[in-house]
Amino acid sequence: TLIIKDITEEKKYEEELKIKTVFIKEIHHRVKNNLQTVASLLRIQKRRVKNAETKKILDETINRILSIAITHEILSATGIDTISIKHILEILCQNYFKNNVDKSKKIEFNIDGDEFSISSDKATSVALVVNEIVQNATEHAFITKDSGKVEIKILKGEKFSKIKISDNGVGMEVKKETDSMGLLIISSLVKDKLKGNLEIRSKKDKGTTIEFDFKN
């Protein structure tokens, strides 16, 4: 009798787990679709706009929305609340390269380092931060160059993990650039959402390195 009861309880638990997984997948699928719809509406709006600066702002906003959608797209396939950090960054860079990088320039993305999973909430913030850094690099770092590299290194630590993004571009004036909207967003997300620290190092004609960490 005890064995039958144990098997019944186990089957009940498995059934509940299946239902929960399907429910989680459906939620993430709907969120992803809603975010992509918002991005599509902004693209329509962009086509009606003539001002170049406004078009640029809309492009940046669309990229931010789609970087959040990536997290939900992956989670809609797995049905679990954790996600591989390397996987999300690979998809983010692939999408960014496909949709935004000037094809006349040979810009190479390379992702290397430790493989581990983080929560969906943390993954969204990490994706947003990396999106801003990659966006900044591809728009400004290679302005006078025909080719370049963006290196992303993932380092897992005991209490804090780190992401280091380097380019071999023209460099920037750090004090001046920290007033830009992109770096203000990065700073806010790292400090408030990821509870980490941000460090920016840059040298003229040598490139820029941005590092940020986050609590495990």
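The values are calculated or read from the model by the stated rules, or taken from the named source; none is laboratory data. Owing to the predicted nature of the structure, the values given are computational and were not obtained by experimental measurement. Using ideal geometry, Cβ is built from the backbone for each residue, glycine included, and neighbour counts are taken over all protein chains shown. Accessible surface is based on the protein model in full, side chains and every heavy atom, while ligands, DNA and RNA are left aside. Shrake-Rupley method; radii C 1.70, N 1.55, O 1.52, S 1.80 Å.
Results, tabulated for the structure shown:
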| item | result |
| --- | --- |
| Scan of the stretch 24-78 for residues that are in contact (Cβ under 8 Å) with a residue 12 or more places away in the chain and among the small types (Gly, Ala, Ser), ordered by number | 39, 67, 69, 76, 77 |
| Single match in 98, 106 (criterion: of a type in the set (Lys, Arg), surrounded by fewer than 17 Cβ atoms within 10 Å (Cβ to Cβ), free of Cβ contacts under 8 Å to residues at least 60 places away in the same chain and closer than 22 Å to residue 209 by Cβ) | 106 |
| Identity of the residue in the stretch 175-198, surrounded by 14 or more Cβ atoms within 10 Å (Cβ to Cβ), hydrophobic (A, V, I, L, M, F, W, C) and part of a helix (DSSP H, G or I), that ends up modelled with the highest pLDDT | 190 |
| Tally of residues being open to solvent by 40 Å² or more (accessible area, probe 1.4 Å), not polar (S, T, N, Q) and not in a helix (DSSP H, G or I) across the stretch 31-85 | 3 |
| Residue within the stretch 155-170 that is farther than 30 Å from residue 24 by Cβ, aliphatic (A, V, I, L, M) and out of contact with any helix residue (DSSP H, G or I) (no Cβ under 9 Å at 6 or more places or on another chain) present | no |
| Matching entry among 127, 137, 123 (being touching a strand residue (DSSP E or B) at 6+ places or on another chain (Cβ under 6 Å), modelled with pLDDT of 85 or more and either hydrophobic (A, V, I, L, M, F, W, C) or farther than 18 Å from residue 202 by Cα (or both)) | 123 |
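Okay, residues lined up against (1) open to solvent by 80 Å² or more (accessible area, probe 1.4 Å); (2) farther than 20 Å from residue 213 by Cβ; (3) without any contact (Cβ under 8 Å) to a residue 12 or more places away in the chain; (4) not in a helix (DSSP H, G or I):
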| position | (1), (2), (3), (4) |
| --- | --- |
| 118 | no, no, no, yes |
| 124 | no, no, no, no |
| 129 | no, no, no, no |
| 135 | no, yes, no, no |
| 140 | yes, yes, no, no |
| 143 | yes, yes, no, yes |
| 154 | no, no, no, yes |
| 161 | no, no, no, yes |
